[in-house]
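Accompanying notes for the structure given below.
Taken together, the values in this text are just the output of simple stated rules run on the coordinates, not laboratory data. Note that the coordinates shown come from a computational prediction; the quantities given were computed from them, not determined experimentally. Please note: Cβ atoms are built from the backbone with ideal geometry, for glycine as well, and neighbour counts cover all protein chains shown.
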Amino acid sequence: MVHKLNQTSQKILREAQSGKIFLLDGATGTFLQNNGLEAGGSPELMNIENPSVIEKMANTYYSSGSDIVLTNTFGGNYFRLKHYGLEDKVIDINKKAAEIAKSASNNYKDKYVFGSIGPTGEFIEPLGQVSEEEMYNVLFEQMKGLYEGGVDAFMIETQIATEETLLAIKVARENFDLLVFASMVYDKGPRGFFTMFGLEPSKSLDLLYEAGADVVGTNCGNGSDKMLEITNIFRESTDKPLLVQANAGIPIIKKQDIIYPESPDYMMKNYKKLIDLNVNFLGGCCGTTAEHITNFSEIIRSHNERIAS
């Protein structure tokens, strides 16, 4: 399986391997909900109908210190878009999302755009009704749109199904020359952390790296305390590049408002420990804001200046 990375992907990976920490953005959903996304609406449709909001989001995170912004395409696959009658616009929506973020990145120096690829919401046979060939084509279509829009890497994120994640890595490696990130969600039970289908963190690392992911990690589903626990497990198993994006805690509902309890200062304490564990790609997930990113940026910049000197 040939997987030759383009120059930008090579540069990012080389710098991460040398100890640089890249800061990703904060929550997409939280930002969009605060900027006009109605309950039950399609976030991805905003790339077409409200591109100024998507551009504002990218600029907000870049100006707050993010090195990397994710495209607004978490649900940008055929199956998810079909719920909104948008299944014939997969390539257009993904390409537009990438172009918006890429255009914003050009206003700054050394900023990047990663294509967000979330779970399709379907399962491959025999667990589900979708054939492997059909799933391959669905994943390829989304990646094609993102690639045409100019993304610098694929972020296969918030994954729960091992087979889909491995297939997504395969699609990326067989067809494109970009860095491949793979990030899974873990729940903590009496026997420790596992994916929904029973895969423990160390085992998933092995599988995803063997499949060809360049960077493996975890995002969503946990606040920074549990993400620190998972990262310690990761680091017992590998010295390869890691990605971590924690939620701002587990949301609670107060007076019909969703509140994420972890403040920037609270998360900073754990993110300092994540830096000490040499997590190469750090960012925020649900509930994290530009204020969180600004605070993370300060400690990450300090780390990067130290290793560069």
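Using Cβ point charges alone (K and R +1, D and E -1), the dipole size of the range 50-174 about the Cα centre works out to roughly 600 debye.
The Cα atoms of the range 205-304 cover 47, 30, 19 Å along the three principal axes, with the biggest extent listed first.
Taking the Cα centre of the range 173-309 as reference, the dipole from Cβ charges on Lys and Arg (+1) and Asp and Glu (-1) amounts to some 340 debye.
Tell me whether the chain comes out rounded, prolate or oblate; compute the Cα gyration tensor, take square roots of the eigenvalues as a ≥ b ≥ c, and use a/c under 1.5 as the rounded threshold. Since a/c stays below 1.5, the shape of the chain is classed as rounded.
When the pairs LYS20/LYS109; LYS20/LYS272; LYS56/LYS144 are compared against a 18 Å limit on Cα-Cα distance, LYS56/LYS144 fall above it.
When the chain is treated as a GNM with alpha-carbon contacts under 10 Å, the residue of ALA246, ALA39, ALA16 showing the greatest mean-square fluctuation is ALA39.
Mind checking which of TYR84, VAL216, ASN280 is farthest towards the positive end of the chain's charge dipole, using Cβ charges of +1 (Lys, Arg) and -1 (Asp, Glu) about the Cα centre? With unit charges placed on the Cβ atoms, the residue in question is ASN280.
Dipole magnitude for the range 7-303: about 860 debye, using +1 per Lys or Arg Cβ and -1 per Asp or Glu Cβ, origin at the Cα centre. Which whole number in µm²/s is D for the range 141-211 by Stokes-Einstein, with the Kirkwood Rh taken over Cα pairs at 4 °C and 1.567 mPa s? After rounding, the answer is 100 µm²/s. Using alpha carbon centroids, what distance separates the range 1-76 and the range 102-134, in Å? Distance between centres, Cα-based: 11 Å.
In the chain, taking the dipole from charged Cβ atoms about the Cα centre, the farthest positive-side position among MET57, ALA16, TYR136 is held by ALA16.
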